[in-house]
Amino acid sequence: MGRIKITSILLAILLSVVCLLSKAQTGNFESYEKRKARALINLSNYPKADTARVDALINVLYTAIFLKERKDVAPYLAEAFTLSRKLEYMDGLGKCFLQKGLYYKSASEYQTALIYLDSALHIAEYSNTDSTTLLKAKVLMLIANIYYNQENYYTSLNYYLEALKHTTTDNTKRRSDIYVYITLIYTYLNNLPKATEYAEKNIVEVESLSTQNDKNFVYFSVVDLYLEKKDLQLASFYLDKLSQVTDNPNQVQEIFGYFMKRGRVCFMQDQLEKAYGYFKKAYKYALAGGHSKSKCYTLDFLSATALRLGYTSEAKKYAEENLALANTMVTKSGKIDALINLSNYYSRVGNISEALQLTKEAFKLKDTVIIENKTNQIKILGTIYESQKQQREISKLQHEKEKSAASENKKTLINKFLSSAIVALLLVIFLTYNNFKRGRQLNKQQQELQNQKIVELQTNKQLLTIEAMLKVQEEERGRIAKDLHDGIGSLLSGTKLSLLNVKEKMAISNDDKMLFEKSLGLLDTTIVDLRKVAQNLMPEALVKFGLHEALRDFCDGVQTSSGIKIHFQSFGEKRKLDNTAIVFIYRIIQELVNNIVKHADASEVIVQLSVTKNRTAI
């Protein structure tokens, strides 16, 4: 059931994004050609190369929604760029960067899109006018959406919260959209109290929204939250508010989402026949919408429900369709789910060998150890090269020092000879003595500088060696943690699944049943302990989301387990730190906080991380 829960979260996120796109499409009934023609007529009224023409050119750009349309208006974007730079029109230039970012976002070239959006954000912060404040909110939302699409949820959440700060209270539509995404992210991260907080804020906002489509977008996210909270009463309440979406057959994705969520409610209530019917209706609209992920998720639920109902032939058919579809998709997670789904079928019909084979195939997809080892080797070789480079420089300085010392001895002998030979020339002796004294001081200073540099280089060499050792140690901890979590952990979970299938198929006496349940309990305890060990070796949040998000997650976890209020605060620049520094900082804070919890008898803890241009402070 855990796999189905994760699938439902992913499906919810997919549906919410698709519904937003559908809403954007259906909200404007005019075709692109009509919108563009009207904008071009307006552009013809501004032939002069001034800011008014820039605004008219940008108005043409706003008529494009899809990538094909954005390519069509690209010449107008080029002219707007040229004019804005020539006129030093910052508002126009910021909007041009925004449009360029939208173009690359539509093309799924996210890194390039982020470069242009960062430029737009910089202009908005520099200009600080009412117009650029609105631009800043738009740019922050787009950046947040890109990280959301990349499943970088912590970074996405930070940008959505920042966009919320720059969204005025009268812009209910934008605030509601931001609330939706924040609710979805907190739901995905299993922070249900926070998700509930923003969902409740959005329910208040939604009453003032003008169109039913905008309200439906909010209701979909709220239903997802209450399904995760297993509050089926509230989930059904908000589903009732969505029931009218079925009246419009053109709202394919909304109808698909509605039937899927109805099916989920019935599935969780063990009303399997009703759930099966809803999933069949959802699959019909998934086919009509043509979205592969929608079809894949629906087939997953159809197969699981059919199997529980005993419809084994249907379960197999849906599972095989699911696997075939997953093979055409880029993401590995869909194929892994499909393989496990099909494995469940073979386990149910008694073909244990085929079930195990499919389970092994699913595990193989998670195996990225070879790539990680190659990466580690490259890092180690780079460290060795730097160390050898430092050693060569030390040898060179040692040679220069010895050469300088020999030259100094030679000078001393010559000066002594001259001082005894030209006693009569006092003035010359005096001048020679002064020159000699100054030269000696300079040579002494030079030798001291060389000695100091040699010491520094030797220290740097030692630090590089220690750093290389610690890097290898942390990377090995990460690899072991990943092996434990993805390898042994998955194998134990698969073993538990097989044991449960055996339990359902075999007649077991009460005594044996108690022994069997105890064994399953021990297996659950082993899985939990294994995950704790993997988490201690290398926190998953640190690998996936970076230092700030991992520290926030760690502090929230300690607060939950200890009852002590822990506030995490981040200041300064968003400067990218070295991977080794990130791990060390995390370990230091982890040790300090754990010591406080154990020994300080504290009621409140403040953890501050300050990153400036040249230093990092804890």
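The values are calculated or read from the model by the stated rules, or taken from the named source; none is laboratory data. All values reported here derive from a predicted model rather than from experimental measurement. Note that each Cβ is placed from the backbone with ideal geometry, even for glycine, and that neighbours are counted across all protein chains shown. Side chains are part of the model used for accessible areas, which takes the heavy atoms of the whole protein and leaves out ligands, DNA and RNA. Shrake-Rupley method; radii C 1.70, N 1.55, O 1.52, S 1.80 Å.
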Length released on extending from residue 111 to residue 327, taking residue separation times 0.36 nm less the Cα-Cα span: 75.1 nm
Net dipole in debye of the range 206-342 [+1 Lys, Arg Cβ; -1 Asp, Glu Cβ; about Cα centre; nearest 20]: 300
Difference of contour (0.36 nm per residue) and Cα-Cα distance, residue 352 to residue 600: 83.8 nm
Cα-projected label distance for residue 212 with residue 612, points at 7 Å along beta-carbon direction, nm: 5.9
Charge dipole of the range 84-136 about the Cα centre (unit charges at C-beta), most positive-ward option of 124, 102, 134: 102
Greater than 25 Å apart at Cα, pairs in 335/576; 68/138; 34/86; 201/274: 335/576; 34/86; 201/274
Per residue accessible area in Å² of the range 52-210, where ligands, DNA and RNA are left out and the probe is 1.4 Å: 45
Sequence-separation-based contact order of the range 256-344, relative, with Cα cut under 8 Å and 6+ spacing, percent: 22
Amide N proximity, the range 188-205 versus residue 231 label position 7 Å along Cα-to-Cβ, cut-off under 15 Å: 191-204
Alpha carbon centroid spacing (whole Å) that separates the range 151-179 from the range 88-128: 18
Cross-link pairs 261/284; 165/574; 105/284; 293/317 - those with Cα-Cα distance over 25 Å: 105/284
Where a label projected 7 Å from the Cα of residue 32 along Cα→Cβ would reach, residues of the range 76-109 with amide N under 20 Å: 76-80, 96-109
Point-to-point label distance, residue 82-residue 48, nm (Cα→Cβ direction, 7 Å offset): 2.0
Derived scalar couplings ³J(HN,Hα) [the range 238-251; Karplus, 6.51 cos²θ - 1.76 cosθ + 1.60; whole Hz; x for Gly, Pro]: 7, 5, 4, 5, 8, 4, 6, 5, 6, 6, 10, x, 6, 7
Linear extension gain, residue 241 paired with residue 584, 0.36 nm per residue minus alpha-carbon span: 118.4 nm
Amide H contacts of residue 566 (H built 1.01 Å from N, under 5 Å, at least 5 apart or other chain): 605
Residue 522 versus residue 151: modelled label distance in nm, points set 7 Å from Cα along the beta carbon direction: 3.5
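Can you tell me the relative contact order of the range 156-295? Whole percent, Cα pairs under 8 Å, sequence separation 6 or more.
Contact order relative to length: 15 percent.
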Estimated FRET transfer efficiency (residue 200, residue 248; beta-carbon r; R0 35 Å; 0.05): 0.80
